[in-house]
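A short write-up of the structure that comes next.
Laboratory data are not the source of any read-out in this text; all were calculated from the coordinates shown. Since this is a predicted model, take the numbers as computed values, not measurements. Glycine gets a Cβ as well: all are built from the backbone with ideal geometry, and neighbour counts include every protein chain shown.
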Amino acid sequence: MGSHSPPKIPVVDFSQENLKPGSSSWSATCKDVLVALEEFGCFIAVYDKVPSELQNKLFSALEELFDLPTETKMQNAHSKPYHGYVGQHSGLPLHESMGIDNATTLEGIQSFANLMWPAGNDRFCEITHEFSKIALELDHLVIKMIFESYGVGKYYDSHLEPMSYLLRVLKHKAPKVKEPNLGFARHTDKSFITVLYQNQVKGLEVETKDGEWISLELSPSTFAVIAGDALVAWSNGRLHSPYHKVMMSGSEERYSLGLFQFSSGMIQIPEELGDDEHPLQFKSFDHLGLLRFFHTEEGQKSKSLIKSYCGIQPEKV
């Protein structure tokens, strides 16, 4: 490949009618998903399940939410790291986000909405719940494909049992001329997998293994699917968790929603994924413990968070 053609993030089509386990289109899509996650740690999923009416309602509901007073939004506190309000940060003046825990359940969304609107907000709950269900379907499809591709499909159901879902809703303001255009700093996700949807304002950039940054072109019929650090350990290092960031330009605000999959228990590394060619690199680990470790000085300093946390030979910091 010539130096002038930057690599492209793979696009995987999930909108085929007959995408059923066992079909030829299923096998082909599984292969595309695996290649993309091994090489880039992410891909763009064509998943045309969010009708335009829902898109409009969704983004106007987010505008209404972020227009609430800062002290109201700050009530979105949480004992789990990175599950609550993030904003008013001098280093990230353009970023503001909130977390809706258990966002695939109506009860989880209602308990968030009741904090924001003491009288409740049924419209917000209905719209957000409808969106969460669509993102969850895609999340489950991708995970089923990963498990089946590695020959460990029998663990799929037991993997999902302890999973909970965090929906982070994010707003990135348009930069003023003098402001830096960094919307959110370079990071990897700590989730198992992340499914991200946004309005028409782009900004998401992903770093390749070669250190090149690629801007993701997302449309209303596509999602970005990103592998988290927990998936790297589960796959015994086969899959890649990419660094990504948000860079803002132009005069429009960017609204996005990310559905993050976290286990409330231990994540087991399937023994089938360790063999002579791939000796086991990671121990089973407590997923919330990974989030807490990220908060420590050691976690902040480590070159590879997941290796430092549950690698069989932790790297020296």
query: Calculated from DSSP H runs of 4 or more alone, at -39500 (n - 2.57) each and per residue, what is the 222 nm mean residue ellipticity of the chain, nearest 500?
result: -10000 deg cm²/dmol
Along principal axes, Cα extents of region 170-300, largest first, whole Å: 53, 33, 28
- request: Using a cut-off of 15 Å between beta-carbons, work out the net charge of the residues near residue 246 (Lys and Arg +1, Asp and Glu -1, residue 246 not included).
  value: -1
- prompt: residue 173: net charge of surrounding residues, Cβ under 11 Å, Lys/Arg +1, Asp/Glu -1, itself excluded?
  reply: -1
query: Which pairs break 18 Å Cα to Cα here: 20/144; 173/202; 31/303; 144/303; 144/202?
result: 31/303; 144/303; 144/202
Euclidean distance of C-alpha centroids, region 136-156 and region 18-38, integer Å: 10
- request: With only Lys, Arg, Asp and Glu charged, each at its Cβ (+1 for the first two, -1 for the last two), find how big the charge dipole of region 11-310 is about the Cα centre; round to the nearest 20 debye.
  value: 700
query: Between residue 75 and residue 38, what length comes free when the chain is fully extended (0.36 nm per residue of separation minus the Cα-Cα distance, one decimal in nm)?
result: 9.4 nm
statement: Rounded to the nearest 10 degrees, the helix 52-66 long axis (Cα) sits at an angle to the longest Cα principal axis of the chain of 70
statement: The farthest towards the positive end of the charge dipole of the chain, of the residues 264, 91, 132, given +1 on Cβ of Lys and Arg and -1 on Cβ of Asp and Glu, is 91
- prompt: How are the Cα pair distances of region 11-310 distributed, in percent, across 20 Å bins from 0?
  reply: 33, 60, 7
message: Give me the mean projected area, in nm² to one decimal, of the convex hull enclosing the Cα positions of region 113-253.
response: 10.9
- request: Would you mind listing how long region 180-251 runs along its three principal axes, going by Cα atoms, in whole Å with the largest first?
  value: 43, 27, 18
- prompt: So what's region 62-194 giving for Cα Rg divided by 2.2 N^0.38 Å, two decimals?
  reply: 1.21
- request: Could you run the Karplus curve 6.51 cos²θ - 1.76 cosθ + 1.60 with θ = phi - 60° over region 169-178 and give me ³J(HN,Hα) per residue in whole Hz, x for Gly and Pro?
  value: 9, 10, 10, 10, 6, 5, x, 6, 3, 7
